[in-house]
Amino acid sequence: MIPVHDRADLLRAALASVAAQTLTPAQVIVIDDGSTDGSAAVARAAGATVISQPASGVSAARNRGLREATVPSVAFLDSDDEWEPGHLAALAAAAPGHALVSTAALTSDGALIGSQAREPLTLRGPDRLVWPDNPVVTSAVLVDRALALDVGGFDEALRHSEDLDLWARLLERGPGVVLPEVTVRYRTHPGQVSLDVEAMRSGAALLLRRVAPATARAVTIRDRWDRLRAAGARSPRALLWFAAPARAVVLARLLAHRARGRRIAAEAAGALRSP
């Protein structure tokens, strides 16, 4: 399922990556959310089922797709991202017994989103969605369609982190898993909603009421560190806050986690470039 709003050129590449799957999807649905650039025509030319609606936002578009689909499982793909050929096959093999299945993704600027282990990462609740970093990217996710609808689908009132909100509700019904395979190319570009870091933090904060107190404290430390880095602050006074033993332990774990992510991302980038 691909929601789109005025991304005809990028949509072509996304649909081409769907057509190249080793496991052919039973349906390819494009929800045209009020496009004016011919996105619907691009989708029809690629053989997709097109559902058109007035511009209502990505959550409304995805919910429309969930309602209109006629298959038991739905894989999400944003119109500016692409799948590697084995993506759907990997998800389908891991789907039984899981409320949510995801693979890892590599961003166009070389960052990894996903598990940093060599084996699948089991998700048993919302804590792992917010600490140390979110391992789930929407374009890598497969869900049980009936279950997603039963928990209410995407919250159309949320402007940010509506995907995290749904993943958390799904994980309250059963475990999820993030596979270590990198099978999604996640495109970053100017104007992208997920680049609005402060807004994303505010949206993700809605999940903190569902997580353990220790996880919430760790998230607070991470966000303070990230804001400090973004502001370029290097004063001893600013850094002294992190010297408290409990905070220092959390920060050390965060930095080690991110260092592993950079190493795995470099390996994945090399593998994806290989013929």
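Annotations
- Per-region count, segment 214-232, residues β-branched (Val, Ile, Thr) and more than 23 Å from the chain's Cα centre (by Cα): 0
- Check on ALA231, surrounded by 11 or more Cβ atoms within 10 Å (Cβ to Cβ) and without any contact (Cβ under 8 Å) to a residue 24 or more places away in the chain: no
- Unmet requirement for SER108, which otherwise passes all of (1) on the phi < 0 side of the Ramachandran plot; (2) at pLDDT 90 or above: (2)
- Segment 150-179 residues that are open to solvent by less than 20 Å² (accessible area, probe 1.4 Å), paired with ones that are charged (D, E, K, R) and not in a loop (DSSP other than H, G, I, E, B) (beta carbon under 8 Å, 6 or more apart): GLY153/ARG62; PHE154/ARG62; PHE154/GLU162; PHE154/ASP163; PHE154/ASP165; ALA168/ARG210
- Residue in segment 200-213 that is modelled with the highest pLDDT, counting only those that are more than 16 Å from the chain's Cα centre (by Cα) and part of a helix (DSSP H, G or I): PRO213
- ALA55, sole failed condition from (1) more than 20 Å from THR183 (Cβ to Cβ); (2) of a type in the set (Gly, Ala, Ser); (3) surrounded by 20 or more Cβ atoms within 10 Å (Cβ to Cβ): (3)
- So GLY34, is it open to solvent by less than 60 Å² (accessible area, probe 1.4 Å) and at positive phi: yes
- Of residues in segment 117-148 being more than 14 Å from the chain's Cα centre (by Cα) and assigned to a helix (DSSP H, G or I), the one surrounded by the most Cβ atoms within 10 Å (Cβ to Cβ): ALA148
The values are calculated or read from the model by the stated rules, or taken from the named source; none is laboratory data. None of the values given here were measured: they were computed from a predicted structure. For neighbour counting, all protein chains shown are included, and Cβ atoms are generated from backbone atoms with ideal geometry for every residue, glycine included. Calculation scope for accessible area: heavy atoms of the full protein, side chains included, ligands and nucleic acids excluded. Shrake-Rupley method; radii C 1.70, N 1.55, O 1.52, S 1.80 Å.
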